[in-house]
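What follows is calculated from the coordinates using simple rules that are stated; it is not laboratory data. Note that the structure is predicted; figures quoted are calculated from it, not measured. All Cβ positions, even for glycine, are placed from backbone atoms using ideal geometry, and neighbour counts span all protein chains on display.
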Amino acid sequence: MLAEIEQLLVVQDHDTNIKALQNELQTLPFEQNRLEKAIQDRTAALDRDRQRAKEIEVERKKLELDASTRRDQIAKYKTQQFQTRKNDEFQALGNEIARLEKEISQIEDHEIDLMEQAENTGREIQRAESDFKVEQAQLQQQLVALKQKGELLTTTLEETKAARQKAGAAVADQELLGRYERIFQSKGGSAVVPIEHEVCMGCHMKNTTTNVHRAKLAREVVYCEHCGRMLY
Ligand SMILES: [Zn+2]
């Protein structure tokens, strides 16, 4: 194999690795956002449950107060009933008392509903809190692992870049290196490719026998007649 091609293959190997590392590093922020959002969503859901429990409690207290106000009123009406000597007034007070008692009964039914809701919400919160602890711990672990992965990839990338730099400097013909770099850039990788059965392994097109022969002689850098990649 031509010495230049051999050197360029080393450079290309590093460049390919650099590209893969950079692509992988680019996906990390998305993954991090996904994990952080999952943590936030679960926290928000639990906060909503807790808020609902508070609201139920406030509503229940209000109902208790409503019932208690009516009981006080009933007590007043009963006192008035004892004091009055008028039959129609006694009757009117009796109607009011009956109306208030009916309202109290409705309020109490509503209170029972709310107490059931409070129990259910309480159970949901308990379950959510215990799930939450496990999930948050897992998500935090994943975040830590992601951070470590990022650090490892960054270190590897730096090392690979340094090795690439060295391999690039070792190429005697820097103009040739520049040509290689332009092909690697424009083709998105694979600038130096093998030729197999007269076919370029970059574009999968057949080259002329003469070109294939020149490539096999390995006395000069030969380019694919179709895609312009360097052949070996
Ligand atoms: Zn080709």
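In this Cβ point-charge picture (+1 for Lys and Arg, -1 for Asp and Glu), the stretch 22-172 has a dipole of about 460 debye about its Cα centre. Placing dummy labels 7 Å off each Cα toward the beta-carbon, the span from Lys149 to Asp109 is 5.8 nm. Charge tally around Lys19: other residues with Cβ under 14 Å, Lys/Arg +1 each, Asp/Glu -1 each, net -1.
In order along the stretch 97-105, the Karplus-derived 3J(HN,Hα) couplings, from 6.51 cos²θ - 1.76 cosθ + 1.60 at θ = phi - 60°, round to 4, 4, 4, 5, 5, 5, 4, 4, 4 Hz, and Gly and Pro are given as x.
When shorter helices are ignored and each DSSP H run of at least 4 residues is given -39500 (n - 2.57), the per-residue value for the chain at 222 nm works out to -30000 deg cm²/dmol. Placing unit charges on the Cβ atoms of the charged side chains and taking the dipole of the stretch 93-215 about its Cα centre, the candidate lying farthest along the positive direction among Thr210, Gln174, Phe184 is Thr210. Assuming charge only on the beta carbon of Lys and Arg (+1) and of Asp and Glu (-1), the dipole of the stretch 12-63 about its Cα centre is about 680 debye to the nearest 20. Binning the C-alpha pair distances of the chain at 10 Å intervals from 0 yields a P(r) profile of 7, 17, 13, 11, 9, 8, 8, 7, 6, 5, 4, 3, 1, 0 %, listed from the shortest bin outward. If you plug the beta carbon distance of Glu158 and Phe30 into 1/(1 + (r/R0)^6) with R0 = 25 Å, you get a FRET efficiency near 0.65. Between Ala92 and Lys62, the C-beta separation translates, for a Förster distance of 35 Å, into a calculated FRET efficiency of about 0.75.
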